[in-house]
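Enquirer: Okay, here's the structure, questions in a sec.
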Amino acid sequence: PRSNSVSQLMRTPPLILTAMPRNEPTAEPCWLAIRLPHLVLDLHTRGQRGRRIPVAVSGVLQRRERIIDCNPPARTGGVAPGMLLTAARSVLGELHVVERDLAAEHRALKRLAAWCYQYSSQVCMLADRAGLLLEAGASERLFGAPEHFGKRLVRELGGLGYHAAAGSAATPEAAWLAAGDSRHVAGVTRIRRELGATPLRDLHLEPGQSAAMERMGFRRLRDLLRLPKRDLTRRFGPAVPDYLDRLLGVRPDPRPFYRPPERFSVRLELPADAPHRQALLFPLKRLLGELCGVLRGGDTAVQSLTIHLAHEDHPDTDLALGLQSPTQDPERLLDVLRERLERLRLPQAVRAIGLDAPRLLKLSAGQGALFRDTPAERQQDIEQLAERLQARLGRRAVSGLAGVEDHRPEYSWRPRALHEPVACAPLAHRPAWLLPKPRRCAIAEYEILAGPERIESGWWDGRDCRRDYFVVRDRHGCILWAFREYKPRRGWYLHGIFA
C-alpha cells in the first residue's frame with residue numbers, strides 16, 4: 001500500500017502555485033498649504049538686502065487709517081499692527097509708510113501659483129486668503145515627505161523675499177489650518193484629534209460667526225465637533241456643518257486649479273531709492289529667480305526680456321536682454337544682466353523695477369554630458385560667450401562671419417547676425433585671420449612652405465587684381481600668408497595669420 005501510494009503520487013501532475021498580484025491601496029490625497037502671513041509687507045521689503053529701513057503698510061480698518069503690518073525695524077521703533085497711522089508717524093518719524101494694494105497682492109499670488117507649478121500640476125489659489133494649496137501626494141516620490149517638501153518651499157520662497165509657513169493634511173481646509181502651526185497631519189482619521197485645539201478665530205467662517213460662537217462659550221474646533229450636525233445647523237445655519245464636513249473629509253471639496261500664463265510681468269517697488277546700479281542686483285536677482293521658477297513650472301523658456309527702471313522725474317530706463325537661445329537658467333540671465341549694468345548710466349535714482357517677458361517659449365531640453373564635450377554643449381558655451389560680449393560691447397559690436405562667392409580674400413566674407421545660419425565652410429589652406437590691410441614685406445626674411453596659389457579676378461567691378469599666394473614662416477616660427485602682387489602694384493605683401 002505504501003509503494004502504491006508513492007507511485008500514485010509520482011504520477012500526479014505537480015501543483016503550481018502562483019502569486020496573484022495584490023491590489024495596492026490607493027494613496028490618500030495630501031494637500032500642502034502655503035501661508036504668506038506678511039504678503040502685504042513682503043511686496044515692499046523684498047527688494048532690500050538688509051532690514052535697516054522701517055517700513056509699514058497702512059489700510060482702512062474699522063473706518064480708520066491703521067497700520068496693517070510692519071517690519072522688525074519699525075516694531076523696534078514702537079510701531080505695531082493695528083496702531084493708528086497718525087500715532088505711528090508720531091512715534092517713529094522716519095517711518096516709511098505705503099498704502100495697501102489689493103490688486104498687487106492678487107497679482108503676486110498668481111505669480112507664486114505659477115512658480116509653484118514646477119512642483120505640482122494641481123495648484124489652487126484661495127479667495128480672500130494670502131496663500132496657496134498644492135496637491136503633494138503625487139509629488140512625494142520626487143520631493144520627499146510633506147515635512148521635507150514644505151521646508152523646501154518655505155526656504156525657496158524665503159530666497160525670493162516672501163515669509164511663508166507650510167502645513168499638510170488630507171483635505172484642503174485641514175491643510176490650511178495645519179499650516180498655521182507648521183503642522184503635518186497624516187491621514188483623514190487624525191484631523192479631528194490633531195486639529196481639535198485650533199482656535200475658532202483661525203477657521204475660515206463667515207464674518208462675525210467666530211465672535212458669535214465665542215459668546216456662546218465655544219473656544220476651539222473640538223467644541224464644535226462635539227455638537228450634532230442638526231444642532232449646528234439650527235444654531236449657525238447650513239454653512240458651518242458643510243465647512244466642517246469638508247474639513248474632516250466627509251464631503252468632497254473640489255477646487256479650481258490654476259493654469260500658468262503665457263507671459264510674465266512683475267513690478268517691484270523699492271522701499272528706498274537705489275542711487276547706483278550695484279544696488280539693483282539684489283532685487284533683480286530675486287525677480288529673475290521668480291521668473292525662472294515660473295519657466296520651470298511650465299516647461300518654458302525665454303529668449304528676450306525687458307527690464308524697466310522707474311525714476312521719479314525722468315522717463316523709465318529700459319534694458320532689453322536678448323539671448324542666442326531660449327533658457328530658464330537664472331545664472332545665465334544674471335551674467336548677461338551684470339554686463340549690461342556695467343555699461344548703464346542712471347539719470348536718476350531708481351524707485352521701482354519692472355520685468356517683462358512677453359513671450360514664453362517651449363523648452364526642448366536635452367541630456368547633458370559629464371564633461372560638456374558634445375557639439376551641442378560646445379555650441380551653448382559659444383552662445384553664452386557671445387551673449388556676454390554683446391551685453392558688454394553692444395549687439396552691433398559682436399557678429400559672425402558669412403561667406404561670399406569671391407576669390408579675393410578681402411571680399412570673400414561679410415558680417416552676419418549670430419542667429420543667421422552659416423552658408424559656407426572655411427578652407428583649410430586659408431588663414432582665419434586677415435590683416436585689415438595688406439602690409440609690405442621682404443620675402444627674403446621668410447621661409448616659403450607652400451604655394452603659389454594664383455588669384456586673378458575682379459575685372460568687372462574695377463578692383464581687379466593678379467596675385468600669387470604663399471604660405472610662409474617667419475624667424476619666430478609663426479605661419480603667415482603672403483602674396484606677390486603683379487596688378488595693380490607690384491611687390492610682396494603679408495595678408496593673413498594662421499591661428
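The values are calculated or read from the model by the stated rules, or taken from the named source; none is laboratory data. As the structure is a prediction and not an experimental result, all values here were calculated from the model. Every residue, glycine as well, gets a Cβ built from its backbone with ideal geometry; the counts of neighbours run over all protein chains shown. Accessible surface is based on the protein model in full, side chains and every heavy atom, while ligands, DNA and RNA are left aside. Shrake-Rupley method; radii C 1.70, N 1.55, O 1.52, S 1.80 Å.
Enquirer: How long are the three semi-axes of the equivalent ellipsoid for the range 222-273, computed from the Cα gyration tensor as the root of 5 times each eigenvalue, in whole Å, largest first? Intermediate values should be presented prior to the final figure.
Expert: On the way: eigenvalues 347, 63, 17 Å².
Each semi-axis is √(5λ); the values are 42, 18, 9 Å.
Enquirer: What is the helix-to-structure angle for 2-11, meaning the angle in degrees between its Cα long axis and the longest Cα principal axis of the chain, kept from 0 to 90 and rounded to the nearest 10?
Expert: 50 degrees
Enquirer: A further question on this structure: What is the distance in Å between the Cα centres of the range 136-157 and the range 186-206?
Expert: The range 136-157 and the range 186-206 have Cα centres spaced 22 Å from each other.
Enquirer: Rounded, prolate or oblate: which fits the range 420-487, taking a ≥ b ≥ c as square roots of the Cα gyration tensor eigenvalues, rounded meaning a/c under 1.5, else prolate when a/b beats b/c?
Expert: Values: a/c = 2.03, a/b = 1.23, b/c = 1.65.
Note, shape of the range 420-487 comes out oblate.
Enquirer: Could you give me the radius of gyration and the Dmax of the chain, taking only the C-alpha atoms into account and expressing both in angstrom?
Expert: Spelled out, the Cα radius of gyration and Dmax of the chain are 35.5, 124 Å.
Enquirer: Once the Cα atoms of helix 375-393 and of the chain are each reduced to a long axis, what angle between those two axes, in degrees from 0 to 90 to the nearest 10, is obtained?
Expert: 80 degrees
Enquirer: Output ³J(HN,Hα) for the range 139-149: one whole-Hz value per residue in order, computed from phi by the Karplus curve 6.51 cos²θ - 1.76 cosθ + 1.60 with θ = phi - 60°, and x for Gly and Pro.
Expert: Those phi angles translate into 9, 5, 5, 8, 10, x, 5, x, 4, 6, 4 Hz.
Enquirer: Counting Lys +1, Arg +1, Asp -1, Glu -1, what net charge surrounds VAL123 among other residues with beta carbon under 13 Å of its beta carbon? Present the calculation step by step, with values, prior to reporting the outcome.
Expert: Numbers: positive: LYS110, ARG111, ARG255, ARG259; negative: GLU135.
Local net charge: +3.
Enquirer: Using alpha-carbon positions, what is the distance between the centroids of the range 49-90 and the range 248-301, in Å?
Expert: Going from one Cα centre to the other spans 26 Å.
Enquirer: What fraction of the Cα pairs in the range 53-153, stated in percent, has a spacing above 21 angstrom?
Expert: Values: 2630 of 5050 pairs.
Looking at the range 53-153, the distances longer than 21 Å represent 52 percent of pairs.
Enquirer: Can you give the local net charge around VAL404? Use residues other than it whose beta-carbon is closer than 12 angstrom to its beta-carbon, Lys and Arg +1, Asp and Glu -1.
Expert: 0
Enquirer: Output wanted: per-residue J couplings in Hz (rounded whole) for the range 286-293, from phi through Karplus 6.51 cos²θ - 1.76 cosθ + 1.60, θ = phi - 60°, x for Gly and Pro.
Expert: Here the 3J(HN,Hα) series is 5, 5, 5, x, 5, 4, 5, x Hz.
Enquirer: Moving on. In sequence order, what are the phi-derived ³J(HN,Hα) couplings for the range 228-245 according to the Karplus relation 6.51 cos²θ - 1.76 cosθ + 1.60 with θ = phi - 60°, rounded to whole Hz, with x for glycine and proline?
Expert: Each residue's phi maps through the Karplus curve to give x, 4, 5, 5, 4, 5, 5, 7, 10, x, x, 5, 5, x, 5, 4, 5, 5 Hz.
Enquirer: Report the Stokes-Einstein translational diffusion coefficient (µm² s⁻¹, integer) for the range 169-287, Rh taken as the Kirkwood radius over Cα pairs, at 4 °C with viscosity 1.567 mPa s. Intermediate values should be presented prior to the final figure.
Expert: On the way: Rh = 17.5 Å.
Result for D is 74 µm²/s.
Enquirer: Grab every C-alpha pair in the range 313-471, bin the distances at 5 angstrom width from 0 up to the longest one, and report whole percents.
Expert: For the range 313-471, the binned pair fractions read 1, 6, 11, 13, 14, 12, 10, 10, 8, 7, 5, 2, 1, 0 percent.
Enquirer: Taking H placed 1.01 Å from N in the peptide plane, check which residues at least 5 places from THR171 or on another chain put their amide H under 5 Å from its amide H.
Expert: TRP31
Enquirer: Below 25 Å, Cα to Cα, which lysines can LYS151 reach? Residues fewer than 8 away in the same chain don't count.
Expert: Those lysines meeting the cut-off are LYS110, LYS285.
Enquirer: Per DSSP H run of n ≥ 4, the term is -39500 (n - 2.57); total these for the chain, divide by its residue number, and report the mean residue ellipticity at 222 nm rounded to 500 deg cm²/dmol.
Expert: Details: 16 runs with 154 residues, N = 499.
About -9000 deg cm²/dmol.
Enquirer: Still on this structure, please answer the following. Which percent of the accessible area of the chain is formed by carbon and sulfur heavy atoms (probe 1.4 angstrom)? Don't skip to the answer; put the middle values down first.
Expert: Details: 15360 of 29370 Å².
Answer for the chain is 52 percent, counting heavy atoms of protein chains only.
Enquirer: If each residue of separation counts as 0.36 nm, what is the full-extension length gain between SER121 and HIS148 once their alpha-carbon separation is subtracted?
Expert: Numbers: separation 27, 0.36 × 27 = 9.72 nm, distance 1.87 nm.
So the extension gain works out to 7.9 nm.
Enquirer: Give the cross-link partners of LYS229 among the lysines, using a straight C-alpha distance below 22 Å as the criterion and excluding same-chain residues fewer than 8 apart.
Expert: Straight-line reach from LYS229, under 22 Å: no lysines qualify.
Enquirer: Still on this model: All other residues with a Cβ under 10 Å from the Cβ of VAL350 taken together, and with Lys, Arg as +1 and Asp, Glu as -1, what is their net charge? Write out the running numbers ahead of the final one.
Expert: Numbers: positive: ARG277, ARG351; negative: ASP273, GLU312, ASP316.
Residues close to VAL350 contribute a combined charge of -1.
Enquirer: Send over a whole-number figure in Å² for the accessible area per residue of the range 225-376, probe 1.4 Å. Could the numbers behind the result be given before it?
Expert: Details: 8150 Å² over 152 residues.
Per residue, the range 225-376 has an accessible area of 54 Å².
Enquirer: Give the ranking of ASP223, ASP128, ASP381 by solvent-accessible surface, highest area first, calculated with a 1.4 Å probe.
Expert: Working: ASP223 35, ASP128 150, ASP381 70 Å².
So, going from the largest accessible area down, we get ASP128, ASP381, ASP223.
Enquirer: What ranking do 170-178, 54-62, 151-159 get when scored by the average of other Cβ atoms within 10 Å per residue, highest first?
Expert: On the way: 170-178: 25.1, 54-62: 18.3, 151-159: 15.7.
Output ranking for 170-178, 54-62, 151-159: 170-178, 54-62, 151-159.
Enquirer: Related question: If packing is taken as the average number of other Cβ atoms within 10 Å across a peptide's residues, how do 453-466, 292-305, 247-260 rank, most packed first? Mind dumping the intermediate values first?
Expert: On the way: 453-466: 13.1, 292-305: 20.4, 247-260: 15.4.
Ranked by mean Cβ neighbours within 10 Å, highest first: 292-305, 247-260, 453-466.
Enquirer: Less than 29 Å apart at the alpha-carbon level, and either on another chain or at least 8 residues along: which lysines does that give for LYS437?
Expert: In chain and number order, the partners are LYS487.
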